[in-house]
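Just below is one structure, and these are the notes that go with it.
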Amino acid sequence: MSVVKCFKYSALALAMSLSLTGCFLEGDDGEPGAIGTQGELGNPGTDGSDGINGQNANASISISLSLVGRIQLNPSDPEGAAEIVQFHPASNTIYSINSAADEPTIEIIDASSLTSEALTNPLSSENLTSTALVLPTVQDGIILAGPTSVAVSGDWMAVAVPAKDKATNGLVLFYNGINTTSPIFVKAVEVGNLPDMVTFTPDASKVLTANEGEPSGDYNIDPEGSISVINIANDMPSDTSTTISFSDYNGKQAELEAKGMHFPNPSGRTINGTLITTTVAQDLEPEYITTTNEVAYVTLQENNGLAIIDLTDNSVKVIGLGFKDWSSYQIDGMEDGTVSFGQYEDLYGMYMPDTIASYQWKDAHFLLTANEGDAREYFFDTLNANGEQDQDLCDAAGGQDFDQVDGCLSFTEETQARRLNYELGSNLDTIAGDDPRDFDFTAYPLGRLTVTEELGDSDNDGKYEALYAYGARSFTIWDSNGLVVFDSGDDFERITASIHGNTFNNNNDKNEGDSRSANKGPEPEALTVGQVGDKTYAFIGLERMGGIFVYDVTNPYATKFVDYVINRGLTEGGNIEGDSGPEGMTFVDATNSPTGNALVIIGNEVSGTVSVWQITEN
């Protein structure tokens, strides 16, 4: 089995395409021979045909992005203050979840005064103002947690709010009159467990929620994941919802795994006195929705799958997304403070998308996903008489591991590649190592890479033949059948490494370059799509770096990289400046924009900022 070693690249060299096609052992060179005499000149050959015209070196990219609006929410403690954002065109208002406020809050941000003028000091300037809409903490007898998602359509706003109790269903809160600074609460509608995303269908006839149904820390409570549908008739939401279950797939886990899905859970173990028997419906955790009037597409992130809901009869189809083969792409899986790319056989990525969006080309629907990746990790308390976490109590409760701060680990599937076993002398033994005490990370480029221990040992002999990492460090375009049309490959890492050098693969809460390479790299999470002029563009936000990639996806089969922008200071060891942790995005068409040009509005979770980028055609 062939192995391709990793290489250290300078920022300049990364701009060039490099591939290694083979490795050969050669003997020592002999002494140079004498230079021979020059032969006679041959007759001139005939002129060759004209070559094709080269590209205009002065040609500009098709669009330009400039930061024209910005506000930091909760300045004293901003992290978590800006996540999901929505835009109400009739009033030029941005709505943003504020999870860092003392009370659960939706921020109402006035964008009516926005102009086309770029901010002069984008890392710190603010030109927007907000008013807080405080949400109820108890509704219909249910004690509520903070909001997870917000959606607007017409004069309605829908807010998804889970219950604090893991066993209790969540609610969607409906507000009307959102063209004012004081929206009016109308009703609450019960949906499934842990609604994590809410959206309207394009015709505003339905509201949908993706209900994750996450387990409790000890897995003793594990609600089913589901999709809820609330009908809207005569401009009024129904008092009840229809919740769509995945229970028809119970007993079909092996069939779904064969199609490229993933089901990591502690089923079969006894934890905290309860035998865990996780069904497929319990294991599936809907994450994000994009919808037409007839069909909804839902990411099943932790399961590496996609659910397709026929809204005419609420039937469900679940498909696996398969795995990305990294052998054809460059990846940095080693945190050594430098850019250390390599191509590796036997390494795969689980797409595990977070955000999903959709658009049409030739009357067919295409899906776009930001392939973030996500591992499961759940802790619960095992407290002694002094109120301290106790390892003996954790062991007695059947914990998988113990942490003095987090408590008793009930389940995780993630590990470092060096902690797995491989056939001696195999490819993976060479590039991932076998965890000796004096482990040399530089000698084993994938040794610290975070992978799942649930996949890769196909014959169950305890020795792994393949590694499966979290996420694909890319965005993907899929057709409506779930087939890959385009994947951005290694663009995100190669381009950010070329631009930022050793500060690429930074974290979102600390300026430390190359600190995410061994985990999920840039972690694309936020995504939106929209039309500017006669072209359709995808905008993808990197949760860790904070930058935004732009692609022309007008023809999904001829997708092109367009631009990359970032508004974040990356001084090594310095404070976080600018916008960090893009969590949610929304696109505003030029016809609905206060500036007259298209906008992309971003909720940046870590910096607690809402940023507005204007898009102009060149």
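For the stretch 380-392, a tally of residues being in contact (Cβ under 8 Å) with a residue 12 or more places away in the chain and either surrounded by 18 or more Cβ atoms within 10 Å (Cβ to Cβ) or small (Gly, Ala, Ser) (or both) returns 3. Taking the stated definitions as given, is LYS187 modelled with pLDDT of 95 or more, under 27 Å from SER358 (Cα atoms) and basic (Lys, Arg)? Here the answer is no, as LYS187 does not meet what is asked.
Could you check how many residues of the stretch 242-263 are more than 17 Å from GLU413 (Cβ to Cβ) and out of contact with any Leu (no Cβ under 8 Å at 6 or more places or on another chain)? Total meeting the criteria: 13.
Scan the stretch 274-295 and tell me whether some residue there is in a loop (DSSP other than H, G, I, E, B), among the small types (Gly, Ala, Ser) and more than 28 Å from SER96 (Cβ to Cβ).
In the first step, residues of the stretch 274-295 are kept if they are in a loop (DSSP other than H, G, I, E, B); the result is 276-279, 284-287, 292-294.
With the extra rule that they be among the small types (Gly, Ala, Ser), the set shrinks to none.
No, the stretch 274-295 has no match at all.
Among the residues here, ASP283 qualifies as among the acidic types (Asp, Glu), at pLDDT 95 or above, over 27 Å from ASN506 (Cα atoms) and buried (at least 24 other Cβ atoms within 10 Å of the Cβ).
Is one or more of the residues making up the stretch 70-82 closer than 27 Å to ILE232 by Cβ and either surrounded by 20 or more Cβ atoms within 10 Å (Cβ to Cβ) or in contact with a Cys (Cβ under 6 Å, 6 or more places away or on another chain) (or both)?
Applying the first criterion (closer than 27 Å to ILE232 by Cβ) to the stretch 70-82 yields none.
So far as the stretch 70-82 goes, no, none of its residues is closer than 27 Å to ILE232 by Cβ and either surrounded by 20 or more Cβ atoms within 10 Å (Cβ to Cβ) or in contact with a Cys (Cβ under 6 Å, 6 or more places away or on another chain) (or both).
In a residue-by-residue description of the stretch 230-242, the property of being modelled with pLDDT of 95 or more, among the aliphatic types (A, V, I, L, M) and in contact with a strand residue (DSSP E or B) (Cβ under 6 Å, 6 or more places away or on another chain) applies to at least one position.
Is it true that THR93 is buried (at least 22 other Cβ atoms within 10 Å of the Cβ), under 18 Å from VAL612 (Cβ atoms) and under 27 Å from the mean Cα position of the chain (by Cα)? Show your work before the answer.
Details: buried (at least 22 other Cβ atoms within 10 Å of the Cβ): yes; under 18 Å from VAL612 (Cβ atoms): yes; under 27 Å from the mean Cα position of the chain (by Cα): yes.
Considered against the rule, which asks whether it is buried (at least 22 other Cβ atoms within 10 Å of the Cβ), under 18 Å from VAL612 (Cβ atoms) and under 27 Å from the mean Cα position of the chain (by Cα), THR93 comes out as yes.
For GLY260, the conditions (1) of a type in the set (Gly, Ala, Ser); (2) surrounded by fewer than 20 Cβ atoms within 10 Å (Cβ to Cβ); (3) assigned to a strand (DSSP E or B) all hold with the exception of (3). When GLU583, GLU572 are checked against the criterion of being of a type in the set (Asp, Glu) and within 16 Å of the chain's Cα centre (by Cα), a single residue qualifies: GLU583.
In the stretch 268-306, of all residues being of a type in the set (S, T, N, Q) and within 18 Å of GLY482 (Cα to Cα), the one that is farthest from the chain's Cα centre (by Cα) corresponds to THR292.
Out of PRO202, PRO223, I need the residue that is of a type outside the set (D, E, K, R), in contact with a helix residue (DSSP H, G or I) (Cβ under 8 Å, 6 or more places away or on another chain) and under 27 Å from GLU83 (Cβ atoms). Which one?
Working: PRO202 fails: in contact with a helix residue (DSSP H, G or I) (Cβ under 8 Å, 6 or more places away or on another chain).
Step by step, each of PRO202, PRO223 is checked, and only PRO223 is of a type outside the set (D, E, K, R), in contact with a helix residue (DSSP H, G or I) (Cβ under 8 Å, 6 or more places away or on another chain) and under 27 Å from GLU83 (Cβ atoms).
Is one or more of the residues making up the stretch 471-489 surrounded by fewer than 16 Cβ atoms within 10 Å (Cβ to Cβ) and within 18 Å of the chain's Cα centre (by Cα)? The answer is yes; a qualifying residue exists. Only a single item in (1) in a helix (DSSP H, G or I); (2) in contact (Cβ under 8 Å) with a residue 12 or more places away in the chain; (3) surrounded by fewer than 22 Cβ atoms within 10 Å (Cβ to Cβ) is not met by PHE492, and it is number (3).
Scan the stretch 400-417 for residues that are touching a helix residue (DSSP H, G or I) at 6+ places or on another chain (Cβ under 6 Å) and either closer than 23 Å to ALA443 by Cβ or of a type in the set (A, V, I, L, M) (or both) and jot them down.
Initially, the stretch 400-417 is screened for residues touching a helix residue (DSSP H, G or I) at 6+ places or on another chain (Cβ under 6 Å), giving 402, 408, 417.
Matches in the stretch 400-417: ALA417 only.
One residue stands out in the stretch 495-523 among those that are among the hydrophobic types (A, V, I, L, M, F, W, C) and surrounded by fewer than 22 Cβ atoms within 10 Å (Cβ to Cβ): the one that is nearest to ALA370 (Cα to Cα), namely ILE495.
Any residue at all in the stretch 446-453 that is on the phi < 0 side of the Ramachandran plot, at pLDDT 95 or above and polar (S, T, N, Q)? Within the stretch 446-453 (the criterion being on the phi < 0 side of the Ramachandran plot, at pLDDT 95 or above and polar (S, T, N, Q)), the answer is yes, since at least one residue qualifies. For the stretch 508-530, filtering for residues that are assigned to a loop (DSSP other than H, G, I, E, B) and farther than 16 Å from MET334 by Cβ leaves 5.
With respect to ALA526, is the statement that it is crowded, with 24+ Cβ neighbours inside 10 Å, in contact (Cβ under 8 Å) with a residue 24 or more places away in the chain and under 21 Å from SER358 (Cα atoms) true? It is true that ALA526 is crowded, with 24+ Cβ neighbours inside 10 Å, in contact (Cβ under 8 Å) with a residue 24 or more places away in the chain and under 21 Å from SER358 (Cα atoms). How about the stretch 344-373: which of its residues are part of a loop (DSSP other than H, G, I, E, B) and surrounded by fewer than 21 Cβ atoms within 10 Å (Cβ to Cβ)? The answer is GLU345, LYS362, ASP363.
Take PRO202 and decide whether it is within 29 Å of LEU67 (Cα to Cα) and surrounded by fewer than 23 Cβ atoms within 10 Å (Cβ to Cβ). Step through it out loud before you land on a result.
Working: within 29 Å of LEU67 (Cα to Cα): yes; surrounded by fewer than 23 Cβ atoms within 10 Å (Cβ to Cβ): yes.
For PRO202, the condition - within 29 Å of LEU67 (Cα to Cα) and surrounded by fewer than 23 Cβ atoms within 10 Å (Cβ to Cβ) - is met.
Out of all the residues in the stretch 130-167, which are more than 21 Å from ASP102 (Cβ to Cβ), buried (at least 21 other Cβ atoms within 10 Å of the Cβ) and of a type in the set (Ser, Thr, Tyr)?
Of all residues in the stretch 130-167, those more than 21 Å from ASP102 (Cβ to Cβ) come to 140-141, 151-158, 165-167.
If we keep only those that are buried (at least 21 other Cβ atoms within 10 Å of the Cβ) as well, we get 151-152, 156-158.
Those that are more than 21 Å from ASP102 (Cβ to Cβ), buried (at least 21 other Cβ atoms within 10 Å of the Cβ) and of a type in the set (Ser, Thr, Tyr): none in the stretch 130-167.
Might you check whether a residue that is surrounded by 21 or more Cβ atoms within 10 Å (Cβ to Cβ), over 30 Å from SER517 (Cα atoms), of a type in the set (Phe, Trp, Tyr) and in contact (Cβ under 8 Å) with a residue 40 or more places away in the chain occurs anywhere in the stretch 313-334? No, because not a single residue in the stretch 313-334 is surrounded by 21 or more Cβ atoms within 10 Å (Cβ to Cβ), over 30 Å from SER517 (Cα atoms), of a type in the set (Phe, Trp, Tyr) and in contact (Cβ under 8 Å) with a residue 40 or more places away in the chain.
Entry remark, the stretch 141-196: residues being among the polar types (S, T, N, Q) and without any contact (Cβ under 8 Å) to a residue 60 or more places away in the chain number 6 in total. Among the residues of the stretch 384-430, the ones that are in contact with a strand residue (DSSP E or B) (Cβ under 8 Å, 6 or more places away or on another chain) and closer than 22 Å to LEU467 by Cα come to 10 in all. Selection of first residues in the stretch 457-485 that are closer than 27 Å to ASP332 by Cβ and touching a residue at least 40 places away in the same chain (Cβ under 8 Å) and of second residues that are basic (Lys, Arg) and crowded, with 17+ Cβ neighbours inside 10 Å, restricted to Cβ pairs under 8 Å at least 6 apart or on distinct chains, gives the following pairs, ordered by first then second residue: ALA469/LYS520; TYR470/LYS520; GLY471/LYS520; ALA472/LYS324; ARG473/LYS520; SER474/LYS324.
The values are calculated or read from the model by the stated rules, or taken from the named source; none is laboratory data. This structure is a prediction, so every number in the text was calculated from the model and none was measured. We place every Cβ from the backbone using ideal geometry, glycine too, and count neighbours over all the protein chains shown.
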